[in-house]
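Shown next, in structure tokens, is the structure this report addresses.
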Amino acid sequence: MRMELPYPPASGNHQHGMRRDGKRYTLPVIAEYRSSVYMAFLAARGVRVHGAVRVTMDLYPPDARRRDSDNVEKVVFDALTRAGTIDDDSCIRTHTTTWCKPMRGGRVVVVVEVCT
């Protein structure tokens, strides 16, 4: 399954905030991102992939700033799980991430395949 997703609005380190009572909450921009990934999943007429998977990601950042790929991967993997694309990000057996040239607004192209 191949999907084109928006570029994550925050890194994996900044998905959650902390309330005064000490409880964590998901930031609204991350909740909105997860919703957009779900809509992309539906648009791709995706079917949930069960079991071990291989994920390939092409990252097109919105600008030329330096970024850590693992922070972007975490947000995308969590969003794929929430969207129902995969059972859980622990099912990802192999993943390949490639940085591509920046493009206005950014984009992530994701391919999810069953491991054989």
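Since every read-out is calculated from the coordinates, none of them should be taken as a lab result. Please read these numbers as outputs of a predicted model, since none were measured by experiment. Here the Cβ positions follow ideal geometry from the backbone for every residue, glycine too, while neighbour counts run over all protein chains shown.
With 0.36 nm allotted per residue and the present C-alpha distance subtracted, the Glu32-Cys100 stretch has 22.1 nm of extension available. Computed 3J(HN,Hα) for segment 60-76, one whole-Hz value per residue from the Karplus formula 6.51 cos²θ - 1.76 cosθ + 1.60 where θ = phi - 60°, is 10, x, x, 7, 8, 4, 6, 9, 9, 5, 5, 5, 6, 4, 4, 5, 5, glycine and proline marked x. For segment 99-116, the residues whose backbone nitrogen is under 19 Å from a point 7 Å from the Cα of Arg93, taken along Cα to Cβ, are 111-116. Here the 3J(HN,Hα) profile of segment 104-116, calculated from phi with Karplus coefficients 6.51, -1.76 and 1.60 at θ = phi - 60°, is 4, x, x, 6, 10, 9, 10, 10, 10, 10, 6, 6, 10 Hz, Gly and Pro shown as x. Placing a pseudo-label 7 Å from each Cα along the Cα-to-Cβ vector at Arg66 and Arg2 gives an inter-label distance of 3.3 nm.
Hey, of [x] 46, 33, 25; [y] 50, 38, 26; [z] 43, 28, 27, which did the structure itself give for Cα extents along the principal axes in Å when calculated? From the options [x] 46, 33, 25; [y] 50, 38, 26; [z] 43, 28, 27, the structure gives [x].
Taking the Cβ of Pro102 as the centre, find all other residues whose Cβ is under 13 Å away and add up their charges (Lys, Arg: +1; Asp, Glu: -1). If you can, show how the numbers build up before the last one.
Working: positive: Arg65, Arg66, Arg67, Lys101, Arg104, Arg107; negative: Asp58, Asp63.
Once all neighbours under 13 Å are counted, the net charge is +4.
How high is the relative contact order of segment 2-114? Use alpha-carbon pairs under 8 Å, at least six apart in sequence, and give a whole percent. Don't skip to the end; give the middle numbers.
On the way: 202 pairs, mean separation 48.0, N = 113.
Answer for segment 2-114 is 42 percent.
The amide H of Ile92, built 1.01 Å from its N in the peptide plane, has Val53 as neighbours under 5 Å, considering only residues 5 or more places off or on other chains.
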